[in-house]
1. Report, in listed order, any pair from K68/K107; K84/K120; K52/K72 with a Cα-Cα distance greater than 29 Å.
2. Could you tally the net charge around C91, taking each other residue with its Cβ under 9 Å from the Cβ of C91, Lys/Arg +1 and Asp/Glu -1?
3. When the Karplus curve 6.51 cos²θ - 1.76 cosθ + 1.60 is applied with θ = phi - 60°, which whole-Hz ³J(HN,Hα) does each residue of segment 34-44 get, with x for Gly and Pro?
4. Using a cut-off of 15 Å between beta-carbons, work out the net charge of the residues near N124 (Lys and Arg +1, Asp and Glu -1, N124 not included).
5. In terms of the ratio Rg/(2.2 N^0.38 Å) built on C-alpha atoms, what value belongs to segment 71-124?
6. Could you give each residue of segment 79-91 its phi-based ³J(HN,Hα) in whole Hz, using Karplus coefficients 6.51, -1.76, 1.60 with θ = phi - 60°, and x for Gly or Pro?
7. Net charge within 15 Å of E37 by Cβ-Cβ distance, Lys/Arg positive one each and Asp/Glu negative one each, not counting E37 itself?
Amino acid sequence: MRSYKNIMVESLTNSKKYIFSSPFIIYTMELHEPYYEKHILVCVIDKSATGKNSCGPKDAEEIWKKLKSYVKENNLKAKIRVSKTYCLDLCSHGPIVTIYPENTVYKQVKLSDVEEIIKKHLIN
Ligand code: FES
């Protein structure tokens, strides 16, 4: 199938192969199997210059560092990814920590809450 204006999805359920067409380039990409058992996203955005609430000014970077350090120190880097992320659109409730595949979202996380997150999600 080809289209020069619309993005098409071909064989969504079977081949996991997507083909996007444009007048100039045809892009092909394939879904990749998840290669981490867990992915933790920590919003670290600082919007204080705009006067808006955000995660960054509330220790978000330290929360990310503490989670990242735990993963590194316990040799979990092959299983667990801890990523800084951009705004998750819950700014006034931040810092926001999201954990997959549990699909768990923690709001108003404090540095002192990190131990509990580790116990609940990273220690089997
Ligand atoms: S700044 Fe963190 S959710 Fe928006």
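Read-outs: derived from the displayed coordinates by stated rules, not from any lab. Remember, it's a predicted structure, so these values are computed and weren't measured experimentally. Here the Cβ positions follow ideal geometry from the backbone for every residue, glycine too, while neighbour counts run over all protein chains shown.
1. K52/K72
2. Result for the local shell: +1.
3. x, 10, 10, 6, 9, 9, 10, 10, 10, 6, 10
4. Taking every Cβ under 15 Å from that of N124, the sum is +2.
5. Normalised Rg, Cα atoms only: 1.17.
6. 10, 10, 10, 10, 10, 6, 9, 7, 3, 9, 6, 10, 3
7. +3
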